[in-house]
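Participant: Below is the structure I would like to discuss, written out as C-alpha cells.
The values are calculated or read from the model by the stated rules, or taken from the named source; none is laboratory data. Computed from a prediction, not measured in an experiment: that's the story for all the values here. All Cβ positions, glycine included, derive from the backbone under ideal geometry; neighbour counts span all protein chains shown.
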Amino acid sequence: MQNPSLAKERSAAQRSTMLRGTAWLTLTNILSRLLGAIYIIPWFAWMGTNGNQANALFSMGYNIYALFLLISTAGLPVAIAREVAHYNALGQESLANRLVRQILVFMVGFGLVAAAVMYFFAPGLAALSGGGENLIPVMQSLALAVLIFPAMSIVRGYFQGLNDMRTVAISQLYEQIIRVIWMLVLTFMIMKIGFSGGRWETAVTQSTFAAFIGMIASCVVLVRFLIKEKLLRALLRASGKGKDGIRPGRLLLQTLYQAAPFVIIGSAIQIFKIIDQITFVNVMRWMTSYSKDDLQVLFAYFSANTDKLTMIMIGTAAAFGDVALPMITKHHTQGNQAQVGQLISYDLQLFAAFMVPAVLGMVVLAEPFYVLFYGTVNELQLMLFIWALFQSLLLGLYTTAAPILQALHYSRKALVYFAVGLVIKLVLQVPAIMLFQSYGPLIATTLAFLVFGWLTIRKIYRITRFKIRPLVRGLLGIGFMTVLMLVVVVLVDLVLGKILHGLDAGRVRAFIEILIAGGIGFGVYLVLSAKVGLLEKLLGARGTSLRRRLHI
C-alpha cells in the first residue's frame, strides 16, 4: 500500500513542477501576445485610412501561414514532448535522443517542401481568399518562415518533454520581440519616411516577412541552450541501433502515425478561421453589393481586429494544456489514475482562474479596449468584439482540454469530436452569413466549439473520473470573485466617465480608463484570491509568498 505522506509529497512536487512550467509559459505567452497586440496601436495608426484593409490583408496571410505551420510540423512537437517524457519515465533517454535526431532530419526536408508549396500556390490561395493580388507577396514572404519552423518546433518539443519550459519560453519571447521590432521599424520607414514609395501593401509584406526574422532569433536561443545544457552533442551522436533493439526509423514512423491526430486537432481553430476567410467574402459578394475593399474591412471587423486581442487569452490558455501534457502522459503510462485526475482538475481550475475574469473584465471595458488599439469604434465593431470575447472562453477551453484527451491516448475520439464540430460549422456557415452577415461566422464557430468542448470534457471525465466537487467549488469561488471584481470595475468606470467627460473619446482617454478601472479590478481580484486561499491553491508556495508581500 502506498505511503500517504509519500504520495502527498509526490503530489506537491508534481504541482510545483507544473507551476514552474506554467509560470514560464504563461508569462511568456502573455508577454508575447501583448507584444503581438500592442504593436497594432502604432502599426494601425501609421497605415492611416487603409488600416482596416491592411489588417485584413495581414490576417488573411497569417491564417494560411498558421495552417501551413501546423501541417509542416505534422503535430510532432506535442508528440515529441509526449514521447520524450514517456521514454525518460522508462529510463530510456538514449532512445528519446535517437528519435529526436531522426525526426529533426526529416523535418528539415519537410519544411522545404511545405515552404515551396506555400510559395508557388500563393496566387491560387490569394484568389480563393478574396484578398486579390495584394495577398500574393504577403503569402510568399511567409513561406520563408515555414522553411525553418518545423525543425525549430521539434527542438522546442524536445525541451518540453524534458519539462524545461524555461528554454521554450525564452525562445518564444525572443522570436516575438525581434519580429515586432522588424515590423514597426520597416512599417515606419515605409509609411512615414516614404521608403518603397510609401505603399501600405509593401508595409504589410514586410510585416509578415518579420516572422522569418523572429524565427532566426529563436533558433539562435535554442542552439545556445542545447550547447549550454550539453544536449547538442547527445543529439548529434544519437544514431544507429540501440541496445534495446528498437530502430529510431521505426519509431519515427510510429510517431508520425500517432501525430496525425495532433495535426488535425491542433489545426481546428485555424481551419475554422480559413473557412471564414474563404466563405465570407465570396458569399457576401454574391448576395450584397459591397465592394472588395468594403468586404475586407468587414472581415477585419469580425476576424482580424478581434483576433489581435482575443488570441492573447487563448494563447495563455493553451499554455496550461501544454504544461500539463507531459505529466499527464507520464502518470497515465504508469497507471497512476488518481494523479491524472488531480492534474486535470487542477489544470481546469488554472484555466478558469485566468480566463473567466480576463474575458469578463475585457467585456466590461470593451469600448476603451477597442478604441485604444484601433482609434475609433462603431456599434458593429463593438458588438462583434464582445461576441468574440465570449467565444474565446470556448476556444480557450478547447486548447486546454483537447491536448489532455490526446495525452490519455484517445486521439481517435478527439478526431471524431472535431469532425462533429466541423460538420456543424460547415452546415451553419453559409446560412449564418446570409442571415446575419458579419455575425454569421462567429455564430457558426461558437455553436461548433460549444458542442466540441462539451463532448471533450465529458469524455475526459468518463476516462479519469476526476473529482467534480472540488472542481465545482473552485469554479464557484472564481465566479463569485469575478462578479465582485466586475461590480468594482463598472463603478470605477462610471466615476471615470464623469471625471473625463471633457476629454475627447480617443486613445488617451481609453488608456486612462483601462489603466485605472482595469488595474483596480485586477487588484480586487488578486486580494480576494489571497483572502480565500486561491493563490496558495493555484500557486503553492509562490502564492503564499505573494500574499505575504501584499500583506494580505
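Participant: Being of a type in the set (D, E, K, R) and over 30 Å from the mean Cα position of the chain (by Cα) is the filter; apply it to segment 496-540 and report the residue that is modelled with the lowest pLDDT.
Facilitator: Within segment 496-540, the match that is modelled with the lowest pLDDT is ASP504.
Participant: Any idea which of LEU491, LEU528, LEU475 is part of a helix (DSSP H, G or I) and free of Cβ contacts under 8 Å to residues at least 40 places away in the same chain?
Facilitator: The match here is LEU491.
Participant: Then there's this: Of all residues in segment 360-418 being closer than 20 Å to GLY315 by Cα and polar (S, T, N, Q), which is farthest from the chain's Cα centre (by Cα)?
Facilitator: The selected residue is GLN406.
Participant: Part of a helix (DSSP H, G or I), touching an Asp or Glu at 6+ places or on another chain (Cβ under 8 Å), at negative phi and of a type in the set (A, V, I, L, M), is that true of ILE404?
Facilitator: Judged against the criteria, ILE404 is a match.
Participant: Here's a follow-up. Would you confirm, using the coordinates I've provided, whether TYR301 is under 29 Å from the mean Cα position of the chain (by Cα), modelled with pLDDT of 95 or more and either of a type outside the set (A, V, I, L, M, F, W, C) or not in a loop (DSSP other than H, G, I, E, B) (or both)?
Facilitator: Against the criterion (under 29 Å from the mean Cα position of the chain (by Cα), modelled with pLDDT of 95 or more and either of a type outside the set (A, V, I, L, M, F, W, C) or not in a loop (DSSP other than H, G, I, E, B) (or both)), TYR301 qualifies.
The rows are residues; the columns are (1) part of a helix (DSSP H, G or I); (2) of a type in the set (A, V, I, L, M, F, W, C); (3) crowded, with 16+ Cβ neighbours inside 10 Å; (4) under 26 Å from the mean Cα position of the chain (by Cα).
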{"position": "TYR119", "(1), (2), (3), (4)": "yes, no, yes, yes"}
{"position": "SER141", "(1), (2), (3), (4)": "yes, no, yes, yes"}
{"position": "LEU144", "(1), (2), (3), (4)": "yes, yes, yes, yes"}
{"position": "LEU147", "(1), (2), (3), (4)": "yes, yes, yes, yes"}
{"position": "PHE159", "(1), (2), (3), (4)": "yes, yes, yes, yes"}
{"position": "SER171", "(1), (2), (3), (4)": "yes, no, yes, yes"}
{"position": "GLU175", "(1), (2), (3), (4)": "yes, no, yes, yes"}
{"position": "ILE190", "(1), (2), (3), (4)": "yes, yes, yes, no"}
